[in-house]
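No value in this document is a laboratory result; all are computed from the given coordinates. In this text the structure is predicted, and so the values were computed from the model without any measurement. Note that each Cβ is placed from the backbone with ideal geometry, even for glycine, and that neighbours are counted across all protein chains shown.
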Ligand code: P6P
């Protein structure tokens with residue numbers, strides 16, 4: 001059946017009718033011994049994304065519909081969006097028997113699987129709604145997730161299952177609630193994006209095998225913090241803003257782009273190239289972003305697309321986490337552009 005978008009000619013053959021579910025299933029069939037566990041977990045994550053998307057799209061009406069996290073018109077307590085997203089993800093995945101433990105930016109400790117449900121071999125780490133402070137001004141926000149295999153034995157998973165290097169991830173992904181809702185994921189073999197068609201409530205393949213350019217023309221960093229940076233980092237930012245001569249005598253300049261929402265800044269960097277940076281500084285000596293469910297999943301995706309990600313000196317995926325909410329500086333994007341900022345950082 002030819003999938004007809006309501007806004008014009010059907011998509012290209014490669015994405016015609018290719019839903020996220022079918023994409024995952026076809027990859028599962030190619031893996032010897034695959035049990036369907038991963039497929040089931042992924043379908044639950046996709047369902048959670050659809051539910052969160054629906055509520056995010058209503059948020060602008062909060063003042064009218066009483067969805068502000070206060071009492072709604074029925075006098076019921078309504079959750080703030082990030083608490084809502086946290087709850088939706090937990091409820092969507094806890095009963096499936098695919099996980100032994102979860103961890104979230106919104107929860108101080110690991111989240112066990114309720115005793116009444118079976119447990120499984122996977123671990124889910126997630127940021128349910130990153131950048132949620134931007135929703136009030138209608139800026140894109142996102143959900144970020146990271147999946148590991150457990151390393152402990154027994155019914156319940158443990159902290160050790162969560163504190164694994166990013167290189168151990170079996171999959172990572174994010175959902176960007178922007179001008180459209182796009183889910184991007186990788187299992188390490190390619191990076192693929194799926195756009196939600198709200199008219200049918202299904203994610204369709206829209207960005208097949210994403211590859212990040214080796215070099216881009218955009219740098220993305222909050223220069224409001226520049227007085228807190230090292231001299232080397234300040235020199236990097238100045239170099240990014242210095243016009244460069246081309247062979248034909250013309251000059252080229254970079255573009256500065258900073259949304260202030262990691263998923264939005266990363267998604268643009270992944271598709272267009274360039275570098276996103278959240279440095280350590282005098283205010284945040286370890287940086288602001290979390291290693292487990294922000295930096296590591298984005299690094300996994302970026303490397304699978306041909307890019308790179310470091311904390312300025314170490315590959316993000318090689319860092320052994322010591323704490324659940326550990327923070328890290330993050331430089332992620334086009335391989336050559338990340339190498340340039342690392343060189344300035346080495347100068348100190
Ligand atoms: P700043 C959003 O609050 C967030 O956690 C990330 O999504 C984003 O990249 C970063 O913080 C923005 O931080 O300090 O530039 O506002």
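Summary of computed values
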| item | result |
| --- | --- |
| Residue 133-residue 255 FRET efficiency (beta carbon distance; Förster radius 22 Å; 0.05 resolution) | 0.35 |
| Nearest 10 degrees, 0 to 90: helix 262-272 Cα axis against the chain principal axis | 70 degrees |
| Prolate/oblate/rounded call for the chain, Cα gyration tensor, a/c under 1.5 rounded | rounded |
| Gyration tensor verdict on the stretch 283-348 (Cα atoms; rounded if a/c is under 1.5, prolate if a/b is larger than b/c, oblate otherwise) | oblate |
| Label-point gap, in nm, between residue 165 and residue 248 - each point 7 angstrom along Cα→Cβ | 4.6 nm |
| Per-selection Kirkwood Rh - the stretch 121-232 (Cα, Å, 1 d.p.) | 17.0 Å |
| Mean residue ellipticity (222 nm) of the chain, computed from DSSP H runs ≥ 4 via -39,500 (n - 2.57), nearest 500 | -8500 deg cm²/dmol |
| Range of Cα positions in the stretch 174-326 per principal axis (Å), largest first | 50, 49, 26 |
| The stretch 25-56-the stretch 187-256 distance, computed between alpha-carbon centres (Å) | 28 Å |
| Rounded tilt (10° steps) of 231-240 against the dominant C-alpha axis of the chain | 90 degrees |
| Label-point gap, in nm, between residue 223 and residue 326 - each point 7 angstrom along Cα→Cβ | 3.3 nm |
| Between 0 and 90°, nearest 10: helix 20-29 axis offset from the chain longest Cα axis | 90 degrees |
| Relative compactness, the stretch 89-186, computed as alpha-carbon Rg over 2.2 N^0.38 Å | 1.14 |
